[in-house]
Amino acid sequence: MRKLLLASMIILVIVAVAFGAFDWKRFQGQTITVLFVKHPFTEAILPYISEFTKKTGISVSFLVLPETEYWDKLNIDLSSGQGSYDVFMTGPSIAWQHAYAGWIESLDSYVNDPELTSPNYDFEDFYPAFISANRWNLKMGGGLGEGKLWAIPVMVETSILAYRKDIFDKYGIKVPETYEEWAKVAAELMKVADKEGVYPVIQRGARDITSIQAGYYTAFSTYGAKDFDENMNCTINSPEGVKITEIWVNTIKKYGPPDWTNVTWFDLMERFASGKYGMVIDCDFFAGVYENPKKSKVTGKVAYALPPKGPDGAIRSNIWTWSLSMNSRSKHKGAAWYFIQWVTSKEILLKSALYGNLDPVRKSVWEHPDVVKMTEAWGGGTWRKVVTQMLEKYAAWRPTPQTELIAMWTRWIEALHEIYAGKATAKEALDRAARDIDKIMERAGIKK
Amino acid sequence: MKNRTEAKIAFLFLTPALLLLIGILYPFGVAIYYSLTNFRLISPVMKFVGLKNYISIIASEDFWHSVKVTTIFTVIAVSIEVILGLGIAHLLMGKGKLVNTLRLLVFTPMMIPPVIAAIIWKTMMAPDGVLNYLLSFIGIKKIAWLASSDWALFSVILIDIWLYLPFTTLILLSGLESLPQEPFEAARVDGASRFQIFRYITIPLLKPFIILCIVFRVIDVLKTFDIIYGTTKGGPIDATRVIQLAVYEEGLKWNNMGYALAEIMILWLFTYLFSQITLGRLFFKREMRQS
């Protein structure tokens, strides 16, 4: 009897040592500082941070800032080499700059280290496209999806079409499947605009890079246009680029809000929810607002569809994925990795999804019964169907890696404003913008 | 100084001011240094390029556009603020409950943070916002305010006037109330008309206050950022892209810090020369009068 007990104890110890290679309490007693953007993701995570501290013994001090101030503060901290923030929110285009400047840690060595990553982490559970979006080999003009992993995504947003099913049904309007049809549907909606109290379309238009990011870039890519060619010449003024921009801006000009040049993504979301617009091609998870009777007047009246197809029949949605990066100057890299790992684990991403952090970047979370239950009623079931296809097939990061995206897209939205104001045709405005962008690339040493 | 101890005490009292001066001059000096380099926030290497940034800026179309926008903004905003301020100050002279209540109302905008005011005005200036609604009662068709590249600049000027008219009114009101009464009485006795009194007595006596108003407002308006950032962010297109906004974009958004600092230095130089010349004349004239 005693021998059996001893033998089983020895076996237990061996087993414990083998599986005990990863220890959540390894960095206990340390403190990390995290910088958050004011965003549904942050609101979803903050209530659980005390759980993290209990689990790991690592204290977390954090700061939450609105987006504009966030980038300023982050940039200043990173460029000064202070290392004040161990972990911070980022996205692919931002991570390109940070990686280029050497400000962030590459995370592969952490993910692949069994002593630093829990065996339950299941890295394969992430949708490949969204991990790819955060990989870059530091070569300007290419290399997306290759090279080191600079951040781990916590959510993703794709662009889909949300429309007022009640109005479409009432007048027998068909859901548009191409951008040309989209313009025609807008014209049809215009005829009943006064009666129904809606403008046909709303899209982002403020002088900000987020105006290029979502609906417009999706239309641009879907139509077959690209931002650069292999030699890093700017090609936003290609024939396809000009054509889709013409359709886009002219439709908004004729059938959209008259202050389009000031409409931010936030205005867009609020206005569609207020019931004053017929269609919008934008962030899919705004459905969380549209379907919430406390926040919207259109609950139960909206349906969702795939965004329009391009001339070649394909759909190419752009994405934005908020992700977490680690400061290369962090003095607590192990503890910082534990935080990133914990936030992006199955359990926490699931909890945050149920709290409103969408879309999930993990398959297991998207298909979890609780998430399915929460989302399958949206748009009478259309939302889940559409977004599943987006996550699996149609959504990926489209822009070309380079460090001057912010300057480039600011010049790009200026061109769209010029077209809108009637001060230039689409070709003229985009030609001028492409030349200016080439100059920006030359100045940064990216293009010779 | 009577003795060395007094000298030491005097120096001790000067220390805080000296520390403050160093605290201000150090970042200023660093900024000048960086403006002579090709410093980019995301680049680990930086080299001295001399006046290259300054030359690029002066050769840049964008810069001169910003100068034009800033100049229009400054000239119109300050002129209206001073002229209207003078008028309102006149109306607010005197005593009594009504005057005091009116003064309180006039000074209210000064208590609102500019960014909040910008957001409130942005909402009011929306195409179906309050402003167009009220204007429709007197038959004026919808104005595009902040959404039109033709109107946006005047719309933000309007916001600036709303915010800072109380400031000029306050200065000019205290100026008016501090004026000696004898010249006015003498003029009235001599039979001068109200307009003549205003033109030949009030204005000349008020000149120091007017110049002070102009200088303060010009220095402030040249730096305008918050109102524009809270509304149009420099758009539509680049209709409201003042120098300060361009500097912010170039430096903090596009990482071209050396370039942005050079642009700020140019703005500083102009502001410095302007204040020196105008205030210099003010004090020089005063000295002449006193002697």
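Read the figures in this text as sums done on the coordinates, not as results from a lab. Quick caveat: nothing in here was measured; it's all calculated off a predicted structure. Glycine gets a Cβ as well: all are built from the backbone with ideal geometry, and neighbour counts include every protein chain shown.
Give the residue list of trypsin sites (Lys or Arg not before Pro) in region A:167-275 that are DSSP loop and have at most 14 other beta-carbon atoms within 10 angstrom.
Sites meeting the loop and neighbour criteria: A:K174.
Which FRET efficiency value, to the nearest 0.05, do you get for B:S174 and B:V130 by plugging their Cβ-Cβ distance into 1/(1 + (r/R0)^6) with R0 = 45 Å?
So, using R0 = 45 Å, E works out to roughly 0.85.
Region A:88-139: which GluC sites (Glu not before Pro) are DSSP loop and have at most 13 other beta-carbon atoms within 10 angstrom?
Passing both the DSSP loop test and the Cβ count: A:E115.
For region A:315-438, compute Rh as the Kirkwood radius over C-alpha pairs and then the Stokes-Einstein diffusion coefficient at 4 °C and 1.567 mPa s; write the answer in µm²/s, rounded to an integer.
For these conditions, the coefficient is 71 µm²/s.
For A:T425 and B:T71, what is the calculated FRET efficiency with R₀ set at 45 Å and r taken between the beta-carbons, to the nearest 0.05?
0.90
Excluding same-chain residues fewer than 8 positions from B:K207, which aspartates and glutamates have a Cα within less than 19 Å of its Cα?
B:E81, B:E177, B:E182, B:E287
Please provide three numbers in whole Å: the alpha-carbon extents of region A:187-285 along the principal axes, with the largest listed first.
51, 25, 22 Å, listed from the longest principal axis down.
What list do you get for A:Y216, A:Y179 if you sort them by fewest beta carbons within 10 Å?
Lowest count first: A:Y179, A:Y216.
Return A:I173, A:I340, B:I112 ranked ascending by Cβ neighbour count within 10 Å, so the fewest neighbours appear first.
B:I112, A:I173, A:I340
Residue separation times 0.36 nm, minus the C-alpha to C-alpha distance between A:M9 and A:R271: what's the value?
87.8 nm
So if we plug the beta-carbon distance of A:K38 and B:D190 into 1/(1 + (r/R0)^6) with R0 = 56 Å, what FRET efficiency do we get, rounded to 0.05?
Efficiency, rounded to the nearest 0.05: 0.25.
Taking region A:108-169, how much of its Cα-Cα pair set, in percent, is spaced more than 20 angstrom apart?
47 percent
Counting other C-beta atoms within 10 Å, and keeping those with at most 16, which DSSP coil trypsin sites (Lys or Arg not before Pro) do you find in region A:73-143?
Listed in order of number, the matching sites are A:K139.
Mind pulling the per residue volume of the convex hull built on the Cα atoms of region B:62-290? Å³ is fine.
Residue-normalised Cα hull volume stands at 155 Å³.
I need the per residue convex hull volume for region B:106-220, using only the alpha carbons, in cubic angstrom as a whole number.
That works out to 152 Å³ per residue.
How big is region B:162-276 on each of its three principal axes, counting only the C-alpha atoms and giving the largest first in Å?
Extents along the principal axes, in whole Å: 67, 29, 19.
Principal axis extents for region A:371-419, Cα atoms only, whole Å, descending order, please.
Each principal axis gives a Cα extent; for region A:371-419 these are 43, 25, 16 Å.
Among the listed pairs A:K309/A:K363; A:K309/A:K385; A:K191/B:K233; A:K184/A:K226; A:K170/A:K253; A:K346/B:K253, give every one whose C-alpha distance is greater than 27 Å.
The pairs that break the limit, which is 27 Å between Cα atoms, are A:K191/B:K233; A:K346/B:K253.
So what are the protein assembly as shown's ellipsoid semi-axes, whole angstrom, largest first, if each one is the square root of 5 times an eigenvalue of the alpha-carbon gyration tensor?
Calculated on Cα positions only, the semi-axes equal 52, 36, 26 Å.
Using helices alone, what [θ] at 222 nm do you get for chain B, with -39,500 (n - 2.57) per DSSP H run of 4 or more residues, divided over all residues and rounded to the nearest 500?
So the calculated ellipticity at 222 nm is -23000 deg cm²/dmol.
How far apart, in nm, are the 7 Å Cα→Cβ label points at B:I201 and A:K385?
With each label placed 7 Å out from Cα toward Cβ, I get 8.6 nm.
Can you pull the one-decimal nm distance between simple spin-label points at A:K448 and A:L63, each 7 Å off the Cα toward Cβ?
4.3 nm
Can you grab the distance from the C-alpha centre of region B:158-178 to the C-alpha centre of region B:16-65, Å, no decimals?
35 Å
Multiplying the sequence separation of A:D312 and A:E146 by 0.36 nm and subtracting their Cα-Cα distance, what value in nm do you get?
57.1 nm
Arrange the following residues from fewest to most other Cβ atoms within 10 Å of their Cβ: A:K38, A:K373, A:K363, A:K448.
A:K448, A:K373, A:K38, A:K363
At 7 Å along the Cα-to-beta-carbon direction for both B:I55 and A:D229, put a label point, then send me their distance in nm to one decimal.
3.2 nm
Stretched out fully, how many nm does the piece from A:D108 to A:K174 gain, at 0.36 nm a residue minus the Cα gap?
Answer, rounded to one decimal: 19.0 nm.
Considering only C-alpha atoms, what is the centroid distance from region A:417-442 to region B:107-143, in Å?
32 Å
Given Cβ point charges of +1 (Lys, Arg) and -1 (Asp, Glu) and nothing else, what value in debye, to the nearest 20, does the dipole of the protein assembly as shown about its Cα centre take?
Around 1360 debye, computed over the protein assembly as shown.
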